[in-house]
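Worksheet for the structure shown next.
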Amino acid sequence: MATRAPWVQRQLQALLAQRGHAWLLQGPSGLGQYELALALAQTWLCEQPTASGPCGVCASCHMVDTHAHPDFVVLMPETVMLERGWPLAETAQKEIDDKKRKPSKEIRVEAMRDTVAFAQRTSARGRGLAVLVYPAERMNHVTANALLKTLEEPPGDTRFVLASEATHQLLPTIRSRCQTHAMDWPPEPEALLWLQDNAASRPTPEQAQVWLRAAGGRPVDALAWAGTGLNAKTWAELPAALARGDWSTLAGWPAAQQLELLQKLCHDLMVQAAGGTPRFFTAANLPVAPRWGVLARWSRELLDAARSVEHPYNPGLMQEAWAARTRQALVSR
């Protein structure tokens, strides 16, 4: 398990020094929103909390670590809960096991209603109740509205922490009921050192730098890239391979990750065409930038594709279309 990142620890201490029953942690992905939200909730419930965070050894901390605390509820899409090892509600798990439906990619209103009922309960361990919502933008309007009254006037000693990577998608009424905290970006040397310490392969500084560049400077996302086995040579050769129509490196990637890569490549080419410094690739590894009009059309097409990437009608055909369109864009002059 990755150690708590130093920039997350600094923010945890700052938040614990303030009062508030509802926090909204906001910022782009990969900065540790979930980790900070979980540490904050764990400290609220800890039997021996300190100014630095939870003790990590008491019974309460152990129950949070094992996802079994009676005074703690996490609200996440079912897909995210399963990915992170959180148990689903018994009814939801049975529906999925019986093949009546697939795990939801949104936070379901039924789960929210259960949480509102949970907030009315008395604390089982005497430290109050805590609710973590992540990613908060996965609440649709019905789900978010079900939370509003409880969020504004929580009963007893109930506290909320919402974490979001897209706060503009949240209802203004949700945002207005929370104290907001903008996630800090760590200094690059600190992010690289943390990445080297926590990646399973114990990478060289050069390899860690490639992962951090691939993630746009976001270290938690960079750790996810490390888990894919991506190496420096493959990343450097990707733009030229795609320009040749060679999709082999991307073939086994999830559709969302493929699209993310194409958006990063398009971004860097647009930056290069405008005379700037690329963010994700080095300038030496990029092909000659196509005409601005070609790049602008390609960028819009990728943005449109992102709206439905989690619901592809035919992934194989979709990827073939992306490969052909990418090659067409990259060879245009």
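The values are calculated or read from the model by the stated rules, or taken from the named source; none is laboratory data. Owing to the predicted nature of the structure, the values given are computational and were not obtained by experimental measurement. We place every Cβ from the backbone using ideal geometry, glycine too, and count neighbours over all the protein chains shown.
Okay, residues lined up against (1) in the same structural domain as residue 162 (by TED's automatic domain parsing); (2) over 24 Å from residue 199 (Cβ atoms); (3) surrounded by fewer than 13 Cβ atoms within 10 Å (Cβ to Cβ); (4) hydrophobic (A, V, I, L, M, F, W, C):
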residue: 31; (1), (2), (3), (4): yes, no, no, yes
residue: 60; (1), (2), (3), (4): yes, yes, no, no
residue: 75; (1), (2), (3), (4): yes, yes, no, yes
residue: 94; (1), (2), (3), (4): yes, yes, yes, no
residue: 111; (1), (2), (3), (4): yes, yes, no, yes
Original post:
Does segment 131-154 hold any residues that are assigned to a loop (DSSP other than H, G, I, E, B), in contact (Cβ under 8 Å) with a residue 24 or more places away in the chain and either more than 22 Å from residue 35 (Cα to Cα) or among the basic types (Lys, Arg) (or both), and which are they?
Top reply: 140, 154
Subject >> Cross-chain or 6+ apart pairs with Cβ under 7 Å, segment 16-30 first and part of a loop (DSSP other than H, G, I, E, B), then among the basic types (Lys, Arg) and surrounded by 14 or more Cβ atoms within 10 Å (Cβ to Cβ) >> reply: 21/159; 28/218; 29/218; 30/218
**OP:** Evaluate segment 155-166: report whether one residue or more is assigned to a loop (DSSP other than H, G, I, E, B), modelled with pLDDT under 95 and in contact with a Leu (Cβ under 8 Å, 6 or more places away or on another chain).
**Re:** yes
